[in-house]
Amino acid sequence: MFTSSSNFSNNVDAVFLYVVVLSLIVLVGITIAMVYFVIRYNRKRNPIPKNIDGNLTLEVLWTVIPLCLFMSMFYFGWMGYRDMREAPSDAMPIKVTARMWKWDFEYPNGLKTDTLFVPAHKAIKTDLHSVDVNHAFFIPAFRVKKDVYYNKKNDLWFRSDKIGSYDIACAEYCGLNHSMMYTKVHVMEQKDFDEWYKQTSQKAGIANK
Amino acid sequence: MSSVTHQIHRDDYGSRMGMWLFLFTELILFGGMFIVYAVYRFIHQQDFHLAAQELNTTIGLLNTIILLTSSMTMAMSITAIQKGNKKLAIALVIITILFAFGFMVNKYFEWSAKIHHGIYPGSPDLLSKPEGQILYFGLYYVMTGLHALHVIIGVTILVFNVVYLWTGHTNSNYFVKLENAGLYWHLVDLIWIFLFPLFYLIH
Amino acid sequence: MTNSEQHTEHSEHHTEHKHIVEYGKYLFIWLGLLALTGITVSAAGINLGNWTIVLALVIASVKSLLVLSIFMHLKFEDKVFKIFVWVAMLTFAIFIFFTFLDYSFIR
Amino acid sequence: MNTQAKVTEEKNFFQQSTNKYTGIGSWLLTVDHKRIGILYLFSMMTFFIVAVIFGFLIRLELIAPGKTIMEPQTYNQLFTLHGIIMIFLFIIPGLPAVFGNFMLPIMIGAKDVIFPRLNLFSWYLFIAGGLIAVVSMFLPGGSADTGWMFYVPYSIRTTTNVIPALTAAFILGFSSILTGLNFITTIHRMRAPGMSWFKMPLFIWSLYATAWIQILATPIIGITLLLVSIERWFGVGIFDPALGGDPILYQHLFWIYSHPAVYIMILPAMGMVSEIIPVFARRTIFGYNFIAFSSIAIAFFGSLVWAHHMFTVGMSDTAMFVFSFLTFFVSIPSAIKVFNWVSTLYKGSISADPPLLYALSFIFQFAIGGFTGLMIGVLSVNIHLQDTSFIVAHFHYVMFGSTGFGIFAAMHYWFPKMFGTMYNKKIANWAWAITTIGFNTLYFPMFIMGYLGMPRRYYDYLPEFHTYHLVSTIGSWILILGLIIMFANLIKGMRNKKDVAPMNPWGGVTLEWKVPSPPPMENFHEIPTVTTGPYDYSHYELAGKETK
């Protein structure tokens, strides 16, 4: 956790942690209460039960307090998602094509690769398209994912500030080799990326613009 | 029922309640298809409009009238048996069945005309059309086909009820089976009431 | 019986309803249905744009209301049957409404 | 079936059949709700064991990266069948069809369900559906490899036997609908005099809410699967994107049913826990009305949130907002229930017998399932966690950890009533401890690796996930060991003729404890008149005061 490999990962991890901590507090509370009651009010120790029909104040409390907490979770989730949906206008567009069972990437100048190379500190917008069944484009380290369809235009954007290589997986079941549909995204410094882009494009016979 | 004492207690009210609950499942079953229809129509307005012009409104209208009338005869048969008029009740159910056959004959001519024109699932003619029209005709065949299947099931149920009336199993004191058959038959009519404008009248 | 609500429901067991609808009433409803069919067919000929489908559905709903309440005797049934029908309709309305939350607002 | 050695002047339902046949015929043609319940119990358990074996094989394959014991194709087929069988043949019918059938009429003071023959017909549909699902494995082409969700277009493209699997699910849906229809009408029509709605046991409330979902949501999956079958068969363009169809519309329709189906699974288990806790705490339930209404609220809100399974498909923002928002609302009634159950233990006189232990496991595991549900209800977190093993762990905590344990609780609770004998409680306690430990060892690691990015439905995985998978697989062995002990103990209890169970071994006050164990054929000679609420334990309190 907190690898901050993309612009989203910190926020997602923080919200996740928020819910985990709240949940743990309540879970531990419930469990301790349960175990304590079973021991404290064991039939041997407490042969005579006391009937309590209910308590309106308690019912209201444990309706309203969770509701407030849940609404805060919803709020953080929605804010986090809002940042994910629209790519900045200066994002670099890369076409991603999914097929059973590999990924293809196409850069603005027409260069095609099977591994994704991206410059750091720059917004990348991937336009997702499938040529056969449904897939899902998933970069776990970046905390981003989007389903890939045959006849629906989906896109996903991210910006990574951390140089390194990360896994890309297919997250929507797509048949026999679904689990082998892995590739990598390499995040490089801008100048390294430019170098790579130029050289590979030339090698592929594409004039760099 | 068995020779041993296990009695199934009679509760006509409960039987009707069960039948209504069953009708809801049928309604939602067709409802699922109406959702599909609504979404595709929303996406492909123009294509649905064009495709619908290829359907024969006259046949559709005729079938609407047939079903509405058969619904009436069905409902009347219950009045007849409630009044103890066994012969009339039988006659009305048989008329209902005859209407159903009329409906199916119409449907047969309608479908065979379509197929004759090369419009059926997977046909080259259909596949050369725009996507919206492929979907329209796909839904047309599936929805009217499933409706026709319900007509056939309805006829089967009605035939049983003619026998029940004939043997006196259904009589002026016990007619819940006929009532439930009627409910089923009206459901078939209800669905057609929506299918007709949605497929034949959206020019 | 200690409970009044219980009482009404169970008394139905024994005094099974026998509401007889006269033939004339059915004939009348049938004529109404035919008339509505006529209206919906002729209205389809007029170009009302998007309202065509709305009009068609409204007429179809009126027709089904007639079938439900008279032909299917819903009018003469217990309240609980009517509630049931509303629950079923509401469920379907929810399904279609929430599906269109996606399709109507897609970018 | 072994006949019972219990000496009573009256024959029980095992000894007296509802028809003129003897032996197997008296079972296969029975219209007695108790016998049908037993038929369901044994057929359901058979399917459960089959699916457990599949699950065991899946876990075994995942013990190490790379190929371990099977080919990827086999793996894909196994997880598909595991899902179909567990969901449609075990969890959905588990509590309603087995225990609902057996107990519902007795608990409301009726002699049978209102449509006994329809009830038997539902069982035949259940068997037919189950057999089709299992037989499709052996047909050429092999069983479906689509996952139990049958997502298009893969389910249209694959060459495996998808149509039998779809047909099986369709038939099973029909069986489920008919059971629901039967229960609603029975509850409306056949309650004993005096049993008003708010004197009904909470298990009945939960079955009532469940039955409504069964009736109103199941047809949607029925038609959707039928449309996919038609599409495969005739090439009709409906969902296939190559013909202009919309695969996302398929997902909407699928989840319109399948999300409420989650509540079909969990609601009866919640009702079960609401039955068990007051009995073993010997006090009235805390907040009866709140628990009863929360069942209805869950059924209602549960039908509004289906698209939270689809947050990564690229829905409109409005849909994302609304579905995520409402998802949090559905957790409120569940939270209310949990708090009320725990409060019911307060100042009780608790006897920690096996049914209560399973119920406590239920609460613990349901809480984890619920909390992780909150995590994946959070939009931004969901984007990351969707389709990872976090989801797998979450729904197993809800379906197996909660509903499954609810079924086990029900088995141990009503066992003496159903069979008239007793199992060994000490062994049952051990089985409980082992299954609980095994379950948590099996599924908890999946949360962690899911968050670290392990996608679901993977035959193979990256080496960094090895430890978690290894622990998880070991957990599966512990769990299965616990299950074996549990089943062996129960089967031994059934055959045990010495330990005759009394009419009311746990001191329950609902109506099923007022008929002999096992109940006679028509349950009651005279329909009882109900005057008190379902969990009236004031006699224990009063008795205690008197002795003082």
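On the basis of being open to solvent by 50 Å² or more (accessible area, probe 1.4 Å), more than 9 Å from chain B (Cβ to nearest Cβ), within 12 Å of the chain's Cα centre (by Cα) and on the phi < 0 side of the Ramachandran plot, does C:LEU65 make the cut? Before the answer, list the steps.
Details: open to solvent by 50 Å² or more (accessible area, probe 1.4 Å): yes; more than 9 Å from chain B (Cβ to nearest Cβ): yes; within 12 Å of the chain's Cα centre (by Cα): yes; on the phi < 0 side of the Ramachandran plot: yes.
So C:LEU65 passes the test.
With the requirement that a residue be in a helix (DSSP H, G or I) and open to solvent by 50 Å² or more (accessible area, probe 1.4 Å), what does the range A:48-70 give you?
The first filter runs over the range A:48-70 and keeps only residues in a helix (DSSP H, G or I), leaving A:56-70.
Hits for the range A:48-70 are A:LEU56, A:THR57, A:LEU58, A:VAL60, A:LEU61, A:VAL64, A:ILE65, A:LEU67, A:CYS68, A:LEU69.
Has the range B:166-174 got any residue that is part of a helix (DSSP H, G or I) and more than 9 Å from chain C (Cβ to nearest Cβ)? Explain how you work it out, then say what you get.
Our first condition is that a residue be part of a helix (DSSP H, G or I); within the range B:166-174, this holds for B:166-167.
From the residues that got through so far, the ones that are more than 9 Å from chain C (Cβ to nearest Cβ) too are B:166-167.
Yes: the range B:166-174 contains one or more residues that are part of a helix (DSSP H, G or I) and more than 9 Å from chain C (Cβ to nearest Cβ).
Considering each of D:ILE298, D:ILE266, D:ILE277 in turn, give the residue that is of a type in the set (A, V, I, L, M), within 11 Å of another protein chain (Cβ to nearest Cβ), open to solvent by less than 10 Å² (accessible area, probe 1.4 Å) and in a helix (DSSP H, G or I).
That would be D:ILE277, the only listed residue that is of a type in the set (A, V, I, L, M), within 11 Å of another protein chain (Cβ to nearest Cβ), open to solvent by less than 10 Å² (accessible area, probe 1.4 Å) and in a helix (DSSP H, G or I).
I'm trying to understand the selection: among the residues of the range D:323-334, which are surrounded by fewer than 21 Cβ atoms within 10 Å (Cβ to Cβ) and either under 24 Å from D:TYR151 (Cβ atoms) or free of Cβ contacts under 8 Å to residues at least 12 places away in the same chain (or both)?
D:PHE325, D:LEU326
Within the range B:112-152, count every residue that is open to solvent by 70 Å² or more (accessible area, probe 1.4 Å) and either within 13 Å of another protein chain (Cβ to nearest Cβ) or assigned to a helix (DSSP H, G or I) (or both).
Here is the first cut: in the range B:112-152, the ones open to solvent by 70 Å² or more (accessible area, probe 1.4 Å) are B:115-117, B:120, B:124-125, B:127-128, B:131, B:149, B:152.
After this cut, where a residue has to be either within 13 Å of another protein chain (Cβ to nearest Cβ) or assigned to a helix (DSSP H, G or I) (or both) as well, the list is B:115-116, B:120, B:124-125, B:127-128, B:131, B:149, B:152.
Residues flagged as open to solvent by 70 Å² or more (accessible area, probe 1.4 Å) and either within 13 Å of another protein chain (Cβ to nearest Cβ) or assigned to a helix (DSSP H, G or I) (or both) within the range B:112-152 amount to 10.
Based on this model, can you work out whether D:LEU227 counts as surrounded by fewer than 24 Cβ atoms within 10 Å (Cβ to Cβ) and under 28 Å from B:TYR40 (Cβ atoms)? Walk me through it before giving the result.
On the way: surrounded by fewer than 24 Cβ atoms within 10 Å (Cβ to Cβ): no; under 28 Å from B:TYR40 (Cβ atoms): yes.
No; evaluated as a whole, the condition is false for this residue.
Taking the condition of being over 15 Å from A:VAL12 (Cβ atoms), open to solvent by 10 Å² or more (accessible area, probe 1.4 Å) and more than 10 Å from chain D (Cβ to nearest Cβ), how many residues in the range A:124-160 meet it?
Count: 4.
List every residue pair whose Cβ atoms sit under 8 Å apart, with the two residues 6 or more apart in sequence or on different chains, where the first one lies in the range D:197-225 and is in contact (Cβ under 8 Å) with a residue 24 or more places away in the chain and more than 24 Å from B:MET19 (Cβ to Cβ) and the second, anywhere, is in a helix (DSSP H, G or I) and of a type in the set (Asp, Glu).
Pairs that qualify, where the first residue is in contact (Cβ under 8 Å) with a residue 24 or more places away in the chain and more than 24 Å from B:MET19 (Cβ to Cβ) and the partner is in a helix (DSSP H, G or I) and of a type in the set (Asp, Glu), are D:PRO201/D:GLU275; D:LEU202/D:GLU275; D:PHE203/D:GLU275.
Under 9 Å between Cβ atoms, which residue pairs at least 6 apart in sequence (or on different chains) link something in the range B:39-66 that is within 14 Å of chain D (Cβ to nearest Cβ) and touching a residue at least 60 places away in the same chain (Cβ under 8 Å) with a partner that is in a helix (DSSP H, G or I) and open to solvent by 70 Å² or more (accessible area, probe 1.4 Å)?
B:HIS44/B:GLU131; B:ASP47/B:GLU131
Would you pick out the residues in the range A:161-193 that are over 23 Å from D:ASP387 (Cβ atoms) and surrounded by fewer than 24 Cβ atoms within 10 Å (Cβ to Cβ)? Spell out how you get there, then give the answer.
If we filter the range A:161-193 for residues that are over 23 Å from D:ASP387 (Cβ atoms), which is where we start, we get A:161-164, A:186-193.
Residues satisfying the conditions are A:ASP161, A:LYS162, A:ILE163, A:GLY164, A:HIS186, A:MET188, A:GLU189, A:GLN190, A:LYS191, A:ASP192, A:PHE193.
Among the residues in the range D:161-177, are any open to solvent by 10 Å² or more (accessible area, probe 1.4 Å) and free of Cβ contacts under 8 Å to residues at least 40 places away in the same chain?
Within the range D:161-177, one or more residues are open to solvent by 10 Å² or more (accessible area, probe 1.4 Å) and free of Cβ contacts under 8 Å to residues at least 40 places away in the same chain.
Would you pick out the residues in the range A:169-200 that are touching a helix residue (DSSP H, G or I) at 6+ places or on another chain (Cβ under 9 Å), touching a residue at least 60 places away in the same chain (Cβ under 8 Å) and within 12 Å of chain D (Cβ to nearest Cβ)?
A:CYS170, A:CYS174, A:GLY175, A:LEU176, A:ASN177, A:HIS178, A:MET180
It is to be established whether one or more residues within the range A:114-121 are open to solvent by 10 Å² or more (accessible area, probe 1.4 Å), away from chain D (no Cβ under 14 Å), among the aliphatic types (A, V, I, L, M) and part of a loop (DSSP other than H, G, I, E, B). I'd like the intermediate steps shown before the answer.
Within the range A:114-121, the first condition is being open to solvent by 10 Å² or more (accessible area, probe 1.4 Å), and the residues that meet it are A:114-115, A:117, A:121.
From what is left, the residues that are away from chain D (no Cβ under 14 Å) are A:114-115, A:117, A:121.
Restricting the remaining residues to those that are among the aliphatic types (A, V, I, L, M) gives none.
No, every residue in the range A:114-121 fails to be open to solvent by 10 Å² or more (accessible area, probe 1.4 Å), away from chain D (no Cβ under 14 Å), among the aliphatic types (A, V, I, L, M) and part of a loop (DSSP other than H, G, I, E, B).
Condition first: part of a helix (DSSP H, G or I), in contact with a Ser or Thr (Cβ under 9 Å, 6 or more places away or on another chain) and without any contact (Cβ under 8 Å) to a residue 40 or more places away in the chain. Now tell me which residues in the range D:302-318 satisfy that. First the steps, then the outcome.
First pass over the range D:302-318, keeping only residues part of a helix (DSSP H, G or I): D:302, D:306-309, D:317-318.
From what's left, in contact with a Ser or Thr (Cβ under 9 Å, 6 or more places away or on another chain): D:306-309, D:318.
The one that is part of a helix (DSSP H, G or I), in contact with a Ser or Thr (Cβ under 9 Å, 6 or more places away or on another chain) and without any contact (Cβ under 8 Å) to a residue 40 or more places away in the chain: D:THR318.
Can we say A:ALA87 is open to solvent by less than 40 Å² (accessible area, probe 1.4 Å), touching a strand residue (DSSP E or B) at 6+ places or on another chain (Cβ under 9 Å) and outside any loop (DSSP other than H, G, I, E, B)?
Details: open to solvent by less than 40 Å² (accessible area, probe 1.4 Å): yes; touching a strand residue (DSSP E or B) at 6+ places or on another chain (Cβ under 9 Å): yes; outside any loop (DSSP other than H, G, I, E, B): no.
It is false that A:ALA87 is open to solvent by less than 40 Å² (accessible area, probe 1.4 Å), touching a strand residue (DSSP E or B) at 6+ places or on another chain (Cβ under 9 Å) and outside any loop (DSSP other than H, G, I, E, B).
If you scan the range D:414-444, which residues turn out to be part of a helix (DSSP H, G or I), open to solvent by less than 10 Å² (accessible area, probe 1.4 Å) and either in contact with an Asp or Glu (Cβ under 7 Å, 6 or more places away or on another chain) or of a type in the set (Gly, Ala, Ser) (or both)?
If the condition is that a residue be part of a helix (DSSP H, G or I), open to solvent by less than 10 Å² (accessible area, probe 1.4 Å) and either in contact with an Asp or Glu (Cβ under 7 Å, 6 or more places away or on another chain) or of a type in the set (Gly, Ala, Ser) (or both), then D:LYS417, D:ALA428, D:ALA431, D:GLY438 are the ones that fit.
Quick check on my filter: what residues within the range C:69-80 are buried (at least 18 other Cβ atoms within 10 Å of the Cβ) and out of contact with any Lys or Arg (no Cβ under 8 Å at 6 or more places or on another chain)?
C:PHE71, C:MET72, C:HIS73
Could you run through the range D:280-295 and say how many residues are open to solvent by 10 Å² or more (accessible area, probe 1.4 Å) and either within 15 Å of D:TYR208 (Cβ to Cβ) or in contact with a strand residue (DSSP E or B) (Cβ under 7 Å, 6 or more places away or on another chain) (or both)?
Result for the range D:280-295: 3.
Identify the residue in the range D:249-262 that is open to solvent by less than 10 Å² (accessible area, probe 1.4 Å) and among the aliphatic types (A, V, I, L, M) and, among all such residues, is farthest from D:VAL228 (Cα to Cα).
Across the range D:249-262, the extreme among qualifying residues is D:ALA261.
The values are calculated or read from the model by the stated rules, or taken from the named source; none is laboratory data. Owing to the predicted nature of the structure, the values given are computational and were not obtained by experimental measurement. So basically every Cβ, Gly included, is an ideal-geometry build from the backbone, and we count neighbours across all protein chains shown. The protein model used for the area step is the full one, side chains on, heavy atoms only, and it has no ligands, DNA or RNA in it. Shrake-Rupley method; radii C 1.70, N 1.55, O 1.52, S 1.80 Å.
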